[in-house]
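A short worksheet on the structure shown next.
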Amino acid sequence: MTTFSVCPGFLFRNDDLIRDGNDGIGFIIAQSGEPTATHPGREVRLAAGDATMMLAGATGGVGSREGYALFDMLIPPAEWEARGARPGDGLMQRLWGKSEAMQLLRRYIGSVEKGFTASVHDCSIMRRHIVDLAVLAATTRCSIGESSASAVVATRLAAALDYIASHFTDPELSLAKVAQSLSISPRYLQRLLESSGTSFTAHVTELRLKHAFTLLTAKDLIDVRICDIAMRAGFSDISHFNRLFRSRFGDTPKGVRAHARVDGTKDRIL
């Protein structure tokens, strides 16, 4: 799996290169720009987000006179067949970037790059998920919905964690709001989070408490009122914040700040 950022130009496999005997299926996603993919007698223009499939064993190429970026993955035919798919049906077809399956695939790839793939650190599992989603993108024409397939679950969970990480300081953040942003039900989202060993409330609270600790011990915020720090971290009830903070760190916000004034360390956060 490779992501290319390319200036104007073309990537290709000619008669000399295809002698390597590789018979895989190249699954190519246009990350940006509008590259054109070519195979003998076929040409497909891709918009950003679109994908297509090409035979590694045939001459062809992809490129543009403008700058562009690609995600490229080579999938052996046996992996398609193991999933009950026929890759030949999707060769040199434009796979619409706004389809549900394509959006899930691109979201998962983005989550891998950001490190939001839940607790999945095994590269073989991540690759399997990406191949599963690529096959879905190439073959599925109906709604995926709230599927229990591991690749779909991993993608939606990573997207939920990503959204929460970007919005946890919003006091109005709720399970329903996150679910709505992902076009899934709150009940399904709660199941996703529970599958990772946490709940919405516990995860958001932990993020807010850690952020509050960081703010309390920041040298340039040492004179900011504790109630204002709590609000910046997403807490609207100061008494509730104080109780949670002491339970999590074994000291009050005031005590942690006093400690930071003395030695400037943040070593008690974890």
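The values are calculated or read from the model by the stated rules, or taken from the named source; none is laboratory data. What you are looking at is a predicted structure, and each value in this text was computed from that prediction instead of being measured. Neighbour counts are summed over all protein chains in view; Cβ atoms, including those assigned to glycine, are modelled from backbone coordinates with ideal geometry. Accessible surface areas use protein heavy atoms only, side chains included; no ligands, DNA or RNA. Shrake-Rupley method; radii C 1.70, N 1.55, O 1.52, S 1.80 Å.
Key figures
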{"item": "Yes/no for residue 193 being assigned to a helix (DSSP H, G or I), within 24 Å of the chain's Cα centre (by Cα) and hydrophobic (A, V, I, L, M, F, W, C)", "result": "yes"}
{"item": "Residue within region 69-78 that is more than 22 Å from residue 153 (Cβ to Cβ) and either free of Cβ contacts under 8 Å to residues at least 24 places away in the same chain or small (Gly, Ala, Ser) (or both) present", "result": "yes"}
{"item": "Residue within region 87-107 that is modelled with pLDDT under 90, farther than 21 Å from residue 163 by Cβ and surrounded by fewer than 14 Cβ atoms within 10 Å (Cβ to Cβ) present", "result": "yes"}
{"item": "Residue 127 at pLDDT 90 or above, open to solvent by 40 Å² or more (accessible area, probe 1.4 Å) and farther than 13 Å from residue 157 by Cα", "result": "no"}
{"item": "Members of region 180-195 that are open to solvent by less than 80 Å² (accessible area, probe 1.4 Å) and under 20 Å from residue 100 (Cα atoms)", "result": "181, 182, 184, 185, 186, 188, 189, 192"}
{"item": "Residue list for region 196-213, restricted to those being farther than 17 Å from residue 242 by Cβ, assigned to a helix (DSSP H, G or I) and open to solvent by 60 Å² or more (accessible area, probe 1.4 Å)", "result": "201"}
{"item": "Residue within region 47-67 that is among the β-branched types (Val, Ile, Thr) and out of contact with any Lys or Arg (no Cβ under 8 Å at 6 or more places or on another chain) present", "result": "yes"}
{"item": "Residues within region 39-66 that are over 18 Å from residue 105 (Cβ atoms) and either in contact with a Gly (Cβ under 6 Å, 6 or more places away or on another chain) or among the acidic types (Asp, Glu) (or both), tallied", "result": "6"}
{"item": "Unique match (being among the aliphatic types (A, V, I, L, M) and at pLDDT 90 or above) among 48, 56", "result": "48"}
